[in-house]
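Following: one structure in C-alpha cells, then a few remarks.
What follows draws every value from the coordinates through simple rules; no lab data is involved. Given the structure is predicted, the values throughout are model-derived calculations rather than measurements. Don't worry about glycine lacking a Cβ; one is built from the backbone with ideal geometry, like all the others, and counts go over all protein chains shown.
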Amino acid sequence: VPEARSRTSDRGRRTVPVILLAASLLCLTISTRSLAGLPEQVGISVFGFFQKGFSAAGTFVAGTVAAIAELRRLRASYDELAAKFERYTNLERGYSELREENERLKTQLGFAEKLVYERIAARIVAKDPENLYSTMIIDKGIENGIHKNMPVVASQDGIEGLVGKVVEVGRGSSIIVPLYDSSSFVATRLAKMRYEGLVSGQGSGDRPIIMRFVKKRAKDEVQFGDLVVTTGYESIYPSEVAVGRVRSMRVLEYQTSIEIDLDPIIDFSRLEYVFAIKAASATGAGTVPQEPSLPPGNTR
Amino acid sequence: MIRSISLSTVVLVGCILAQSTWFDAISILGVVPDLSLIVLIWLSYTNGPVEGAISGFLAGIAQDFLSSSPLGFNAFVKTSIAAAVSLLHGSFFIDRLFLPFVLGAAGTLAKAISIASLSLFFGDKVHSYSFLDRILWIEAAYNGLLAPAAFFMLSLVKKLFSMTQGRE
C-alpha cells in the first residue's frame, strides 16, 4: 500500500507542472488576446496549402493542353508585336516629353509630398467554394508581408484599378474580398466633378457596382464613362485609385441623392495577378513611380 | 466507423478544394456547382445520420476556413442538410436519373432555406440567397444535373464508404 501511494503521488507530482504550464499558457493567451482570429489563421494556413496544390495541379494540366495551341498563337503574336514595337518606339519619345512636363506642372501645383506605396505581387489561386460569398484566395500571406485590411489593386490594359481588401491572412495565403462583394464599401468620388459617394457591390462580378449618396445636383454633370476614384478618407484605401466608370444613373424624386451604376475598372473574370499595397514612406514629388494611372483622355 | 467518417471527410474536403480551384472553368453564368453538397447528400442517404453529420460538420469547418463566411456557417449548413437527408435514409431505391436529380436540386433549396434561417438570427453577418435571384435556381439546376453522374460514380466505390465494412 505505501508503494502504491508513492507511485500515485509521483504521477501527481509530474502532472502538476504540466497543468501549471497549460494554465499559464492559457492566461497568457487570454491576456494578450492572441486567440482572436487564431482559429481562422490556422485554418487558412493548413487548407490554403492544399488549395495551392490543387490549383497547381489544375494549372499544370490546363497549361499542358493549352501549350500546343499557344505555340501557334505565339508565332502570330510575334509578328504583331514586332509591328507594335516599332510604333511604341515612336510613342515613347512623346511620352518622355509629356512625363517631364507633368512633373514640372506637379511641382508648380505644390504636390510636394506624396505617399509611395510598397506593392506585394500575388497570384489568385482559388475562389470561394460557394456562390454565396465572392472571396478570392491569393498565394501570399503573413510570411510575405501581407496583413489584414491591406488594399488590393490590379492592372489591366494599362489601367490600375481597385480589386478589394484582405480580410483574412494565413501563413502562405490570404483571403481577399473583392469590390463587388455586398459587404464591401468604399468611399469614392467622381474624378472630374469631385462629387463624393459610397460604392458597394451586389455580390456578383457580372453586375454593376453602385455608387450611392451622390449629391442630386451632380445629375446634370455626370456623363457615361466618367471615372470614379477612391477618396482616401478611410485608413484602408489610398486616394485616387480607379474604381469604376459610370454606366447609368438613377434619379429618384423622393431622395436627396442619386445612385450611379458603375462598371468596375477591373474585369474580375480574367483577373489572375494582384498587388497588395501598404503605405511605405513619404517622399517628394517626382519620385512617385507607382502612382495610380488614369486611362487616356482623363487628366488631373 | 472512424475509417468511414475520415474517408468521407477527406472526400468532402477534396470536393471543396476542387470547387474553389478548378470549378471556375465549368461555371455557368458565374455559378459553380456544389459538388460537396451532392456528395454529402449521397453519404447521408446511404449511411444514415451519424456519419453524414460528422463528416458534414468537419467539411463545413474546413470550408469556413477557405471563405470569408463566419466560422461555423458552413458547418451548420452542411450538418443540417446531412441530418435532414438522413431522415430519408433507406426510404427509396435510388434510380439512375430521377431521384439523384431531385435530391441534388432539392438539397440546394434546403441549403438556401437553412442559410435563410441562419440570417434570421445573425442578420447581415451572414450572406443569404435571394429566392428571386437567378444564382440559386441556376445552382439548383446545375446540382440536379450533376447529381446523377456523381451518385453513379460514388455507387461504384460504395463499399469504401460503407459503415458495415469496418465491422466485417
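Checked against (1) within 26 Å of A:Val46 (Cα to Cα); (2) of a type in the set (A, V, I, L, M); (3) within 13 Å of chain A (Cβ to nearest Cβ), B:Leu29 passes all but condition (1). Put simply, of A:Tyr180, A:Tyr237 the only residue that is more than 14 Å from every other protein chain (Cβ to nearest Cβ), touching a Ser or Thr at 6+ places or on another chain (Cβ under 7 Å), under 29 Å from A:Ile44 (Cβ atoms) and aromatic (Phe, Trp, Tyr) is A:Tyr237.
Being within 14 Å of chain A (Cβ to nearest Cβ), in contact with a Phe, Trp or Tyr (Cβ under 7 Å, 6 or more places away or on another chain), assigned to a helix (DSSP H, G or I) and within 19 Å of B:Gly144 (Cα to Cα) is a property that B:Ala62 lacks.
Residue under question is A:Asp220, and the condition is that it be under 26 Å from B:Ile135 (Cβ atoms) and surrounded by fewer than 18 Cβ atoms within 10 Å (Cβ to Cβ); does it hold?
Working: under 26 Å from B:Ile135 (Cβ atoms): no; surrounded by fewer than 18 Cβ atoms within 10 Å (Cβ to Cβ): yes.
Spelling it out, it is not the case that A:Asp220 is under 26 Å from B:Ile135 (Cβ atoms) and surrounded by fewer than 18 Cβ atoms within 10 Å (Cβ to Cβ).
How many residues does the range B:19-38 hold that are outside any helix (DSSP H, G or I) and under 22 Å from A:Phe50 (Cβ atoms)?
Residues of the range B:19-38 that are outside any helix (DSSP H, G or I), as a first pass: B:22, B:27-34.
Imposing the further condition that a residue be under 22 Å from A:Phe50 (Cβ atoms) reduces the set to B:22, B:27, B:32-34.
Matching residues across the range B:19-38 total 5.
Of all the listed residues (B:Ile41, B:Ile16), the sole one being more than 13 Å from every other protein chain (Cβ to nearest Cβ), part of a helix (DSSP H, G or I), under 25 Å from B:Arg134 (Cα atoms) and among the β-branched types (Val, Ile, Thr) is B:Ile41. The single condition among (1) surrounded by fewer than 21 Cβ atoms within 10 Å (Cβ to Cβ); (2) polar (S, T, N, Q); (3) farther than 20 Å from B:Ile5 by Cα that B:Ser155 does not satisfy is (3).
Is it the case that the range B:96-106 has a residue that's surrounded by 19 or more Cβ atoms within 10 Å (Cβ to Cβ) and either free of Cβ contacts under 8 Å to residues at least 24 places away in the same chain or β-branched (Val, Ile, Thr) (or both)? Looking for residues that are surrounded by 19 or more Cβ atoms within 10 Å (Cβ to Cβ) and either free of Cβ contacts under 8 Å to residues at least 24 places away in the same chain or β-branched (Val, Ile, Thr) (or both), one finds none in the range B:96-106, hence no. Only one of the numbered conditions (1) closer than 17 Å to B:Leu118 by Cβ; (2) of a type outside the set (Gly, Ala, Ser); (3) within 14 Å of chain A (Cβ to nearest Cβ) is violated by B:Trp22, and that is (1). Scanning the range B:100-152 for residues that are outside any helix (DSSP H, G or I) and hydroxyl-bearing (Ser, Thr, Tyr) yields B:Ser128, B:Tyr129, B:Ser130.
Which residues, counting only those in the range B:13-39, are over 25 Å from A:Leu271 (Cα atoms) and without any contact (Cβ under 8 Å) to a residue 60 or more places away in the chain? Step through it out loud before you land on a result.
The first filter runs over the range B:13-39 and keeps only residues over 25 Å from A:Leu271 (Cα atoms), leaving B:13, B:36-39.
Listed by number, the residues that qualify are B:Val13, B:Ser36.
If you take the residues in the range B:107-122 that are of a type in the set (A, V, I, L, M, F, W, C) and touching a residue at least 12 places away in the same chain (Cβ under 8 Å), which one is nearest to the other protein chains (Cβ to nearest Cβ)? If you could, list the steps in order and put the result at the bottom.
From the range B:107-122, those of a type in the set (A, V, I, L, M, F, W, C) are B:109-110, B:112-113, B:115-116, B:118, B:120-122; that's our starting set.
Remaining after also requiring touching a residue at least 12 places away in the same chain (Cβ under 8 Å): B:109-110, B:112, B:115-116, B:118, B:122.
On the way: B:Leu109: 14, B:Ala110: 14, B:Ala112: 9, B:Ile115: 7, B:Ala116: 11, B:Leu118: 11, B:Phe122: 13 Å.
The extreme case among them is B:Ile115.
Any chance the range B:127-140 includes a residue that's crowded, with 20+ Cβ neighbours inside 10 Å, within 14 Å of another protein chain (Cβ to nearest Cβ), touching a residue at least 40 places away in the same chain (Cβ under 8 Å) and more than 13 Å from the chain's Cα centre (by Cα)? Yes - at least one qualifying residue is present in the range B:127-140. Pairs meeting the criteria (first residue in the range A:119-140 and within 12 Å of chain B (Cβ to nearest Cβ), second residue among the basic types (Lys, Arg) and buried (at least 21 other Cβ atoms within 10 Å of the Cβ), beta carbons under 6 Å, at least 6 apart or on different chains) are A:Met136/A:Lys127.
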